Amino acid sequence: MKLDRVDTLDGLRGVAALLVLWAHFPSFGQSELAGLSKLLSTYTFAGYIGVDIFFALSGFLITRILLFDREEGRLSFRNFYLKRSLRIFPIYYLSILVVGVLITWEYMGYVAV
C-alpha cells in the first residue's frame with residue numbers, strides 16, 4: 001500500500017498561508033482599498049483562521065503518516081521525529097539567519113531561544 005499525496009490539502013494549506021500573510025501585510029498608503037483590506041483582515045480574524053487551518057491540516061497529515069506506518073509495521077517514533085527535525089530545523093535556522101542579516105540582530109535573541 002502507498003500513502004498518496006492529497007493535492008486538495010496542498011491548496012487548502014496555501015489558502016491558510018495566504019490568510020496569515022494577509023493579516024501581517026502592512027497597508028501601504030492611505031487609499032481606501034488599503035484601509036479596507038486591513039480592516040477586513042482584522043475583523044475576519046484572517047490570521048487566526050489561517051493558523052487554525054494550518055495546524056488542523058498538519059495534525060491530520062501527521063496522524064495519517066503515523067497510522068499508515070503502524071499499519072505497515074514500520075512505526076518508529078525515533079525515525080518519525082528525525083524526519084520532522086530534518087524538515088523543520090533547516091528552514092528555521094535559515095529564517096533566523098536571513099532576518100538577522102537583512103533586518104537586525106538586535107532582537108533575534110527573542111526569536112532564537
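The values are calculated or read from the model by the stated rules, or taken from the named source; none is laboratory data. Only a predicted model underlies this, so the values are computations on that prediction, with no experimental measurement involved. Don't worry about glycine lacking a Cβ; one is built from the backbone with ideal geometry, like all the others, and counts go over all protein chains shown. Heads up: the accessible areas ignore ligands, DNA and RNA and are worked out on the full protein's heavy atoms, side chains in. Shrake-Rupley method; radii C 1.70, N 1.55, O 1.52, S 1.80 Å.
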Fill in: Estimated 222 nm signal from helices in the chain, with DSSP H stretches of n ≥ 4 weighted -39500 (n - 2.57), rounded to 500
-26000 deg cm²/dmol
Worksheet item: Dipole of the chain, Cα-centred, from +1 at each Lys and Arg C-beta and -1 at each Asp and Glu C-beta, to the nearest 20 debye?
Response: 420 debye
Worksheet item: Of W22, I91, L102, whose Cα points farthest to the positive end of the dipole of the chain (charges on the beta-carbon: +1 Lys, Arg; -1 Asp, Glu; origin at the Cα centre)?
Response: I91
Fill in: Rg [Å, one decimal], Dmax [Å, integer] - the chain, C-alpha atoms
18.7, 59
Response to the item:
If R0 = 30 Å, then T42 and I65, at their Cβ-Cβ distance, give a FRET efficiency to the nearest 0.05 of 0.25
Worksheet, complete the sentence: Relative contact order of the chain (C-alpha contacts under 8 Å, at least 6 apart) in percent is 23 percent
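Can you tell me the accessible area per residue over the chain, all protein chains present, probe 1.4 angstrom, in square angstrom? Before the final figure, lay out the partial values.
On the way: 9230 Å² over 113 residues.
Value returned for the chain: 82 Å² of accessible area per residue.
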Fill in: Dipole magnitude of the range 62-106, debye to nearest 20 (Cβ charges: Lys/Arg +1, Asp/Glu -1, about Cα centre)
200 debye
Worksheet item: What ranking of T104, T8 comes out by heavy-atom accessible area, probe 1.4 Å, highest first?
Response: T8, T104
